[in-house]
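The values are calculated or read from the model by the stated rules, or taken from the named source; none is laboratory data. Quantities reported herein were computed from a predicted structural model and do not represent experimental measurements. Positions of Cβ are backbone-derived with ideal geometry, glycine not excepted, and every protein chain shown enters the neighbour counts. Just the protein is used for accessible areas: all its heavy atoms, side chains included, with ligands, DNA and RNA removed. Shrake-Rupley method; radii C 1.70, N 1.55, O 1.52, S 1.80 Å.
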Amino acid sequence: MGMRRLWDEGRAAPWKVGNELRRLGLWPLARLYFAAHGVAWGADWRVYGLPLIQRQRGSRITIGAGAQMRSWLSANPLGPNHRVILATRSAAAVIVVGCQVGLTGTTLCAETGITIGDRVRFGANCTVVDTDFHPLDAAARLARPTAGKSRPVVIEDDVFVGMSVLILKGSHIGRGSVIGAGSVVAGMIPAGVVAAGNPAVVVRRLEDTDARA
């Protein structure tokens, strides 16, 4: 953020100045933190508080240019409940996040793979997981408590995910779609629609006028 823009925003919203100054002060530590966890730093990142990174050795986490990661309570008026979490649960797991993606108290947890396209925005406190974590059968759960089923998750470009959404294993959200706040996605959502509910279903199609609004 340029100094002129920072000054202008500070006159209208003084807390933003504090957030930007804290972010700039955190920058050297944030660079070291990501490097220590094997995640390459991207161009034009804006990191408001250190995320929680749990990367299994051999797994991969990549995040594109222009990412915004908001973990501080003050960094979003909706108030993240916790830090951004980036976690892989196996050596083969892959998390790929595109360019200009916004994460606010967002959890990405992959056993197999999570792929997020460009310009995806997550409202506060969303969770994306590609695994059940635990088997559904009681005997299997007792024998192998962490052997839940896993299927990759794909979120295409320009998707907007409302706050407190849960996206489960095997889900695929098409380009430009909007997921209503508090929804649970457990399957396929086509491109260019509004979907909401538990489980999320298509409410209506997005028209060109909606996209331009």
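Below is a table of values for the structure above.
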item: Whole-percent carbon and sulfur share, accessible surface of segment 13-57, 1.4 Å; result: 61 percent
item: Rounded tilt (10° steps) of 14-36 against the dominant C-alpha axis of the chain; result: 50 degrees
item: Top positive-direction residue, dipole computed over the chain with Cβ charges, set LEU21, ALA67, VAL165; result: LEU21
item: Rounded accessible area per residue of segment 64-132, 1.4 Å, Å²; result: 32 Å²
item: Gain in span if fully extended, LEU32 to SER90, counting 0.36 nm per residue against the direct Cα distance; result: 18.5 nm
item: FRET efficiency estimate (nearest 0.05) - Cβ-Cβ, HIS134 to ARG46, R0 30 angstrom; result: 0.25
item: Protection-proxy order for peptides 185-196, 153-164, each taking the mean of Cβ atoms within 10 Å per residue, highest first; result: 153-164, 185-196
item: On Cα atoms only, tilt of 3-12 relative to the major axis of the chain in degrees; result: 80 degrees
item: Largest-first principal axis extents, alpha carbons of segment 125-194, Å; result: 43, 19, 13
item: Which labelled figure in (i) 17; (ii) 26; (iii) 21 is percent of Cα pairs over 30 Å apart, once derived from the coordinates; result: (ii)
item: Beta bridges per DSSP with both ends in the chain, % antiparallel, nearest 5; result: 10 percent
item: 222 nm mean residue ellipticity, helices alone, for the chain (DSSP H n ≥ 4; -39,500 (n - 2.57); rounded to 500); result: -6500 deg cm²/dmol
